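Have a look at the structure below, then the notes.
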Amino acid sequence: MSSFLTYLINGISLGSVYAIIALGYTMVYGIAKMLNFAHGDVIMVGGYTVFVVCSTMGMPPLVGILAAVIVCTVLGVTIERIAYKPLREASSLSVLITAIGVSYFLQNAALIIFGADTKSFQSVIHVPSLSLMGGQVTVSGETLVTILSCAVILLALTTFINRTKTGQAMLAVSEDKGAATLMGINVNRTIAVTFAIGSALAAIAGVLLCSSYPVLSSTTGAMPGIKAFTAAVFGGIGSIPGALIGGIAMGVIENLSKAYISSQLSDAIVFSVLIIVLLVRPTGLLGKQIQEKV
Amino acid sequence: MKIKNKTFRQNAITYAMVLLFYLICQGLIMSGNMSSLMKGLMVPICYYVILAVSLNLVVGISGELSLGHAGFMCIGAYSSAIFAVCVDGKIPEMAELLLALVIGAAVTAVFGFLIGIPVLRLRGDYLAIVTLAFGEIIKNVVNAVYVGVDENGLHFSMKDSLSLGLSENGIEIINGAQGISGLPRTATFTTGIILVFITLFIVLNLVNSRQGRAIMAIRDNRIAAESIGLSVSKYKMMAFVISAALAGVAGVLYSHNLSTLQATSKNFGYNQSIMILVFVVLGGIGNIRGSVIAAFILTILPEKLRFLSDYRMLIYAIVLITMMLFNSAPKAIAWRKSIKERFFSGKKAEAGKEAQ
């Protein structure tokens, strides 16, 4: 029982990271109607930034996290400006291939800069672990901070979208780009802001992910990225609470299948969930039904 | 009639190109002017060309982005390798290779059909990500499976080789992540080229047939094509299954070119699928001859440019991005048009002057 609880809590923690990444996917997909394949690799860039600032330069963790957020935000906006903006009116196939190209570019640039060997990441979270049920279940500080930051981010984001002008503009653009333009909303700026927020979240996710799983390589972000996309689809793409539910479900499924079925097949199981969800309920748990117009 | 002649001429150029390449290479091999390194690349060129052409059928002709092409190659390679180990030494080499090709293509086609049922119900980005998922699932499962054979037939297990329960003279075929060893290396450059010809024949004929035009009509406007009575799922499935089966053939060629077969992320993973996609994009999406040329160049070039080997993947990524921006961005298209117009109008003006 206690081991099950440990797996469950670790699953929720991993799921919280997925949820934070999935928020980036869901927002970008909702507004720019594109799958930002490079989102997972922005996580990796965030991880490397913290590694360089904290482990190599010896700065305090908070500086590292701040640097990661700034670097990733700039990177996200730059990617959008250079690679995606010129293709806004092009077919979705070309946008997707470009996004794959960007993802591949980031991975291989990191490979050249930092080398092929994996770096061991020193956790930047220094919170004492918590023991529950009379010491039977230990929850590490990383797990606590991860779950907590996910909750804070979710609340902050919901408030931002519902209460601020920019947030409302984002909702309007995701609803109808043309009408939003007529209402005087700067669509390009709104999309850039969305990318900035998504990439900043990716940076935080990168820090949390690398603190819990302390290995860093050029492909660190690729798998979590795809799984988080799965989570976003699972919860219903475009929906913020959906990203949370989907993310946590994904994390729990992955950790439990790793523990009880097969660690080798856990990825296959996660992907099977994606396939089943897409077939049974393509719009996800909380997604909106889209009517096709001729 | 004129159009028919034109496509015939275009196809003939493609075939002639491959034939010329074969003759030149054979000449070089015969006269001993080819390094062993290049000789080792001859079969890879063939299976990369087949992979690129078959992926182009899905991406270019059918208009769906498939990111799991290496998974189909994996199925073809493994199914034919199991067959090869089972019959090793019992039938002649040529017959073995021929049967392996048939089996590899058939098994992959079946898997392509089964995977196609769920995949083709989806569209766009979802379709791409699900094909990626299937590719990874195939690679994961192949790495976790144990297969053995004895006089009672094939045994499967997902745990370890001991739980196969083989009898004394049984052979272990797939040993989990260690893969298959002791394969016959029967693939030759000539068989590879013959398979390239067959692939080109199938794909080029399909593209210029009634079915091919239906597939392209669905790509260009699904709703319009459906409303004139084309069965969308049938034609999409046709392209998908043929593409999968051809990737399976490439897999057979791949497995028969090695003595040990392992499924890693390098040969059957996402990276391989992306590399095939790079061939297709560089050659021109929907352009079969372009795929052949791109696959050929991008297989030879890295060996010739060894000093750039660290930057190879980075260059691929930049190629992908710039090609897409150059070919699909509305501004780039408009810019190209204006250049063309200026060029041609200049010519016209000159022609006008001459006429005066």
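Readers should treat all values here as calculations from the given coordinates under stated rules, not as data from a laboratory. All figures in this text were calculated on a predicted structure; none of them were measured in a lab. Note that each Cβ is placed from the backbone with ideal geometry, even for glycine, and that neighbours are counted across all protein chains shown.
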task = Just need the relative contact order of chain B here, percent rounded to a whole number, with Cα pairs under 8 Å and 6+ apart.
result = 29
query = Separation of the stretch B:102-121 and the stretch B:22-59 by C-alpha centroid, Å?
reply = 27
query = If you rank B:Phe201, A:Phe37, B:Phe111 by fewest surrounding Cβ atoms within 10 Å, what's the result?
reply = B:Phe201, B:Phe111, A:Phe37
remark   = Length-normalised contact order of the stretch B:236-356, Cα under 8 Å, at least 6 apart, in percent, tallies to 14
key: Residues whose placed amide H lies under 5 Å from that of B:Ile173, excluding near-sequence neighbours   = B:Val147, B:Gly148, B:Val149
key: Stretchable slack from B:Gln262 to B:Ala106, in nm (0.36 nm times residue separation minus alpha-carbon distance)   = 54.0 nm
task = Quick one, can you get me the convex hull of the C-alpha atoms of the stretch B:2-304 expressed as volume per residue in Å³?
result = 137
Cα radius of gyration and Dmax for the stretch B:108-197 (Å) = 17.6, 52
GNM flexibility winner over chain B from B:Met73, B:Met30, B:Met238 (Cα, springs under 10 Å) = B:Met30
query = What is the local net charge at A:Ser266, summed over the other residues whose Cβ is closer than 13 Å to its Cβ (Lys, Arg +1; Asp, Glu -1)?
reply = -1
task = Could you tell me how many degrees, from 0 to 90 and to the nearest 10, lie between the Cα long axis of helix A:240-260 and the main elongation axis, the longest principal axis, of the Cα atoms of chain A?
result = 40
task = Please find, in a Gaussian network model of chain B (springs between Cα atoms separated by less than 10 Å), the residue of B:Gln272, B:Gln262, B:Gln211 whose mean-square fluctuation is greatest.
result = B:Gln211
ask   = Length gain on complete extension for the stretch A:Gln168 to A:Met57, per 0.36 nm per residue less the alpha carbon to alpha carbon distance?
value = 35.9 nm
task = In a Gaussian network model over chain A where Cα atoms closer than 10 Å are linked, find which of A:Met170, A:Met27, A:Met223 has the largest mean-square fluctuation.
result = A:Met223
request  = Note down the relative contact order for chain A as a percent, whole number, built from C-alpha pairs under 8 angstrom at least six residues apart.
outcome  = 36
task = Treating the angle as unsigned and between 0 and 90°, give the value, to the nearest 10°, between the Cα long axis of helix B:330-355 and the longest Cα principal axis of chain B.
result = 50
task = State to the nearest 20 debye the size of the charge dipole of chain A about its Cα centre, where the only charges are +1 on K and R beta carbons and -1 on D and E beta carbons.
result = 540
ask   = What residues of the stretch B:251-278 lie in the reach of a label at B:Ser309, counting those whose backbone N is under 17 Å from a point 7 Å from the Cα along Cα→Cβ?
value = B:266-267
ask   = What do you get for Rg/Rh over the stretch B:1-59 if you use C-alpha atoms and the Kirkwood form of Rh?
value = 1.12
note = Within the stretch B:105-121, the residues whose backbone N lies under 20 Å from a label point placed 7 Å from the Cα of B:Lys90 along the Cα-to-Cβ direction are B:105-107
query = Pairs A:Lys33/A:Lys177; A:Lys177/A:Lys227; B:Lys6/B:Lys331; A:Lys177/B:Lys236: which exceed 20 Å Cα-Cα?
reply = A:Lys177/A:Lys227; B:Lys6/B:Lys331; A:Lys177/B:Lys236
ask   = Angle, helix B:210-220 long axis vs. longest principal axis of chain B, Cα atoms, 0 to 90°, nearest 10?
value = 70
query = Out of every Cα pair in the protein assembly as shown, what percent are spaced more than 37 Å from each other?
reply = 41
task = Any chance you could run the full-extension gain for B:Asn205 through B:Trp335? It's 0.36 nm times the residue separation minus the Cα-Cα distance, nm to one decimal.
result = 43.3 nm
message = If you average the alpha carbon positions of the stretch A:76-124 and of the stretch B:249-307, how far apart do those two centres end up, in angstrom?
response = 22
request  = Using R₀ = 35 Å, calculate the FRET efficiency as 1/(1 + (r/R₀)^6) where r is the Cβ-Cβ separation of B:Ala12 and B:Phe343; round to 0.05.
outcome  = 0.75
remark   = One finds, for A:Leu132 and A:Leu279 with R0 = 30 angstrom and r their Cβ-Cβ distance, a FRET efficiency to the nearest 0.05 of 0.20
message = Quick check for me: using +1 on Lys/Arg Cβ and -1 on Asp/Glu Cβ, what's the dipole size of chain B about its Cα centre, in debye to the nearest 20?
response = 2120
remark   = Residue-normalised 222 nm signal for chain B, counting each DSSP H run of n ≥ 4 as -39,500 (n - 2.57), nearest 500 deg cm²/dmol, is -24000 deg cm²/dmol
